[in-house]
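J.: Okay, handing you the structure first.
The values are calculated or read from the model by the stated rules, or taken from the named source; none is laboratory data. Quick caveat, the model's predicted, so the values are computed rather than measured. Cβ placement follows ideal geometry from the backbone for every residue including glycine, while neighbour counts extend to all protein chains displayed.
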Amino acid sequence: MTATEYLNTCKDKVNAFLDEYLLSEKVEPEIIHKAIRYSVFSGGKRFRAALCMAAYDVFDGDNERVLPVAAGIELIHTYSLIHDDLPCMDDDDLRRGKPTLHKVYGENIAVLAGDALNALAFDLVSRAEDCRIIRILAGAIGTEGMIGGQVADVLSCGKKNISREDVEFIHTRKTAALINASVRLGALTARAPEEELNKCREFGSRIGLAFQIVDDILDIVSSDEVLGKDVGSDKELDKTTYPKVFGVDHSREMAREMVDQACEILSSVRGDTTIMRELAGFVIKRVY
Ligand code: GRG
């Protein structure tokens, strides 16, 4: 199975699960349930859910068991996109080829929809039997994870003389932390042994960083039509990105090296890691 086929399979499963789970648009107050569904079902690759399910598949056979966790991760991801697009953050008008949530429902509802998705995500992951799953997710999105990365990102706009450490600090937290957690949560749900969990963490950190580097590159070389979001906004906001520090070609080379290292780590994992390798390859090959 190719990465794209696996992503599509996971997308169908996660979307069906979330359609059942999320409240109907007819439940009062209707506007918040409409807003949540607008964002959650606006498209999206479901890459984090797929990574979670692929890691699960390595250590156990029935990935229905990991669906609440994989879906919860996607709710957190959607929440981060909603807040990232707000006027007080990146102020973007387009996401997944559609107007951003605040453009349709207003800023107040967009903030509240993000907040609601956070609560719903933890409701879902709390169904897992291992409490470490909740702690890892909370850590990945807190001030030492996604929120910390976003704070550093916002504060670094327009900064000159950025070092490798500066940009790595931001990307490791803002993006890699949740991607890394996705792999570990999949493996944990499948009750993978400690030694294998450590390898998943090493794999996830490299894939996560490479994912954001490629995102930075696509913001320069792609188009609004292909990406479904406003390209060129990093330059407009003078954001701290890998291409700003290293140039596009060198950044791509660095991302490729990270993906190679991630695949090397998989070599010693006991189990069939074919799909995880495919997903790692997708990180560098992706055009959207
Ligand atoms: C949600 C805890 C929490 C905090 C909010 C706004 C914010 C703090 C953080 C921003 C994090 C962010 C949006 C990072 C960018 C990550 C990224 C590369 C997004 C694009 O991911 P894709 O390509 O998107 O997987 P799709 O649309 O396919 O799901």
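J.: Just give me the residues in segment 262-288 being over 14 Å from Thr2 (Cβ atoms), more than 16 Å from the ligand (Cβ to nearest atom) and touching a residue at least 40 places away in the same chain (Cβ under 8 Å), in sequence order.
T.: Across segment 262-288, the qualifying residues are Ala262, Ile265, Leu266, Ser268, Val269, Arg270, Gly271, Asp272, Thr273.
J.: Which ones in segment 114-133 are within 14 Å of the ligand (Cβ to nearest atom) and either modelled with pLDDT under 95 or not acidic (Asp, Glu) (or both)?
T.: Narrowing segment 114-133 to residues within 14 Å of the ligand (Cβ to nearest atom): 114-122, 125.
Listed by number, the residues that qualify are Gly114, Ala116, Leu117, Asn118, Ala119, Leu120, Ala121, Phe122, Val125.
J.: Yes or no: Ser251 more than 30 Å from Ser126 (Cα to Cα), of a type outside the set (A, V, I, L, M) and assigned to a loop (DSSP other than H, G, I, E, B)?
T.: Here the answer is no, as Ser251 does not meet what is asked.
J.: Give me the pairs: first residue in segment 189-212 and within 15 Å of Lys174 (Cβ to Cβ), second residue part of a helix (DSSP H, G or I) and small (Gly, Ala, Ser), beta-carbon distance under 6 Å, and six or more apart or on different chains, which are they?
T.: If the second residue must be part of a helix (DSSP H, G or I) and small (Gly, Ala, Ser), the pairs left are Ser205/Ala176; Ile207/Ala262; Ile207/Ala280; Gly208/Ala176; Leu209/Ala176; Ala210/Ala255.
J.: Cβ-Cβ distance below 6 Å, separation of 6 or more or different chains: which pairs start in segment 34-54 with a residue that is closer than 20 Å to Phe203 by Cα and end on one that is assigned to a helix (DSSP H, G or I) and within 7 Å of the ligand (Cβ to nearest atom)?
T.: From segment 34-54, the pairs are Arg48/His77.
J.: Name the one entry in Gly61, Gly43 that is modelled with pLDDT under 95 and within 15 Å of the ligand (Cβ to nearest atom).
T.: Gly43
J.: Counting just the residues of segment 23-40 that are assigned to a loop (DSSP other than H, G, I, E, B) and of a type outside the set (Lys, Arg), which one comes out farthest from the ligand (Cβ to nearest atom)?
T.: Within segment 23-40, the subset assigned to a loop (DSSP other than H, G, I, E, B) is 23-29.
Retained after the next criterion (residues that are of a type outside the set (Lys, Arg)): 23-25, 27-29.
Details: Leu23: 20, Ser24: 23, Glu25: 21, Val27: 23, Glu28: 26, Pro29: 22 Å.
Step by step, filter segment 23-40, then rank; the result is Glu28.
J.: Kindly indicate whether Ala138 is under 13 Å from Gly72 (Cα atoms), within 18 Å of the chain's Cα centre (by Cα) and without any contact (Cβ under 8 Å) to a residue 24 or more places away in the chain. Before you say what the answer is, go through the steps one by one.
T.: Numbers: under 13 Å from Gly72 (Cα atoms): yes; within 18 Å of the chain's Cα centre (by Cα): yes; without any contact (Cβ under 8 Å) to a residue 24 or more places away in the chain: yes.
Yes, satisfied.
J.: Further question on the same structure: Considering only residues that are in contact with a helix residue (DSSP H, G or I) (Cβ under 7 Å, 6 or more places away or on another chain), outside any helix (DSSP H, G or I) and touching a residue at least 40 places away in the same chain (Cβ under 8 Å), look in segment 74-113 and name the one that is farthest from the ligand (Cβ to nearest atom).
T.: That would be Asp93.
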